[in-house]
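Inspection log for the structure reproduced underneath, given as structure tokens.
The values are calculated or read from the model by the stated rules, or taken from the named source; none is laboratory data. Note that the structure is a prediction, hence the values are computed from the model and not measured. Reconstructed Cβ throughout: ideal geometry from the backbone, glycine too, with neighbour counts over all protein chains shown. Quick note on the areas: whole protein, heavy atoms, side chains included, nothing else; ligands and nucleic acids left out. Shrake-Rupley method; radii C 1.70, N 1.55, O 1.52, S 1.80 Å.
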Amino acid sequence: MMQLVLCAVYLFTGALLLALPNLTRRGILFAVRVPENFRDGREGRRAIGEYRGIVGAVLLAGVTALLLSPPATIGIAAAVIPLVQLVAAGTAFYRQHKRLRRFSVRDAGPRQVEVTSAPERLPWYAWLGAGPFAILLAAALFLNANWERIPERFPVHWGATGQPDRWAERSVRGVYGPLIFGAELAAFFVVMALAAWYGSRRSRSRITMLGFTIAIQYMLGVLFAMIALQPLFQIPVWVIVIAPMGFLVPALLIAARKMSEPGQAADPTPEDCWKAGIIYYNPDDAVLFVERREGLGYTFNFANPASWALVGLLAAVILSGFFILA
Amino acid sequence: MTARAPSIRIDPASRVPAVRQIADSLRVLLVEGELEPGASLPSVRRLAIELGVHFNTVAEAYRQLAAEGWLDSKRGRGAVVVERPIPPANHSRIEDFRGRLRTLVAQMRSEGMSTGRIAAELRAMAEGMTR
């Protein structure tokens, strides 16, 4: 069973990597600004075909290796195969990025902006960001009310074979730890959503990304609530592993469709300020978040000191997770 | 229906420095009366983000316009358009203007624009600038 679950996760990430050239605006291909119809031309199709050929071959080989792995080596296979997949996709992407740079449109054109002092109001649905905290709080209240039903010792981690390999005791940290960490992550996404809203240029994609961030928050809220309730309900591990995809797939599809709507100009970032198409560093641009070029979403302008504060905050959240969930 | 806010435009590929492009574009809006006394300008931070320039570039453009008497730009209050008395025309500035205009008119004549059309364009532009 766990082999099938691992295959499903691996196929999901593989499908995402295969779709990567389509998860950008039409004027961007392999993180290079190109003419809008470039991807339909000979060079564009060739670049996408070559990239997908490599990613598809590695995906197929990985699925075969996962299915044929004996139980004794499944743990190693589950760690190594996705790593190979990411390295192969990253290399294939960068190769096409380098090749397409000679077709890049270097001049982003004039920038026109409205001279308005209207306040930057968040859309009404930003309040939905409070929902995941309510889910986590409800789970905490339920656990508190059913404290006596929680086993003295329960599994909290499962190996690649699906067998538990770490246990926790019925203590405040053991029971509420996943909820606290989930709340920390959800709070971090609130901070990111606000920073992205106020620190990026006005555009329709800014609105789309706010919705996407709230969807991720819900995914985290539900996921960590399920993990916390596991000792009471013995939720199958495969449900906990597969559930995030139920949030991610529709959210990604909606975001991809919105981003590819015609009439939306790409973020006018200078070509020379992108390193390998993924890192934006422009000290002459006041912006904190810019649209990513290699996929959906936003990335930092690493020349803005606030970006490092947010990276530091993320590191602190992850480190606290080691302590809370240990 | 809300009225569309006036807009400015800068070209990052231009040889003209961004600070001058911003100050020039805003000055056109101020002279044409699209930005009236009492109107608030966007914060330095917001305009710099939207234009993709450094904070200092926008702050310097605001400072230049404040020095010309167009804006009241006090720290923490943002920039506000103020009523500005029309200063007396300076002789050397008129000479400078005439020189630049001569170059521009000659260029348009050489590109085939009639003298009548040039005169009409100039008149319409001057009359459209209310301040």
Which of (1) in contact (Cβ under 8 Å) with a residue 40 or more places away in the chain; (2) part of a helix (DSSP H, G or I); (3) under 21 Å from the mean Cα position of the chain (by Cα) does residue A:3 not meet, given it meets every other one? (3)
Residue set B:69, B:99, B:52, B:33; condition assigned by TED's automatic domain parsing to the domain that holds residue B:124 and open to solvent by less than 40 Å² (accessible area, probe 1.4 Å); output residue B:99
Screening A:118, A:47 for residues that are under 30 Å from residue B:80 (Cβ atoms) and either exposed (fewer than 14 other Cβ atoms within 10 Å of the Cβ) or outside the structural domain of residue A:278 (by TED's automatic domain parsing) (or both) leaves only A:118
The conditions are (1) away from chain B (no Cβ under 13 Å); (2) open to solvent by less than 70 Å² (accessible area, probe 1.4 Å); (3) among the polar types (S, T, N, Q), and residue A:91 fails exactly one of them. Which is it? (2)
Residues satisfying the stated conditions in the range B:17-72, i.e. of a type in the set (Asp, Glu) and closer than 30 Å to residue A:281 by Cα: B:24, B:50, B:60
Of all residues in the range A:209-234 being open to solvent by less than 30 Å² (accessible area, probe 1.4 Å) and β-branched (Val, Ile, Thr), the one that is farthest from the chain's Cα centre (by Cα): A:214
Would a scan of the range A:120-136 turn up a residue that is part of a strand (DSSP E or B) and either modelled with pLDDT of 95 or more or touching a Pro at 6+ places or on another chain (Cβ under 9 Å) (or both)? no
If we keep only residues of the range B:84-96 that are of a type outside the set (D, E, K, R) and over 16 Å from residue B:31 (Cα atoms), then the residue most open to solvent (accessible area, probe 1.4 Å) is B:91
Going through the range A:121-141 one residue at a time, which ones are away from every other protein chain (no Cβ under 14 Å) and open to solvent by 80 Å² or more (accessible area, probe 1.4 Å)? A:124, A:127, A:128, A:137, A:141
Where residue B:64 falls short, out of the listed (1) in contact with a helix residue (DSSP H, G or I) (Cβ under 8 Å, 6 or more places away or on another chain); (2) within 12 Å of chain A (Cβ to nearest Cβ); (3) touching a residue at least 40 places away in the same chain (Cβ under 8 Å): (2)
Would you please name the residue that is surrounded by the fewest Cβ atoms within 10 Å (Cβ to Cβ), looking only at residues in the range B:14-30 that are within 9 Å of another protein chain (Cβ to nearest Cβ), of a type in the set (A, V, I, L, M, F, W, C) and over 22 Å from residue A:288 (Cα atoms)? B:29
Among the residues in the range B:36-52, are any assigned to a helix (DSSP H, G or I), in contact (Cβ under 8 Å) with a residue 40 or more places away in the chain and either closer than 30 Å to residue A:270 by Cα or within 12 Å of another protein chain (Cβ to nearest Cβ) (or both)? yes
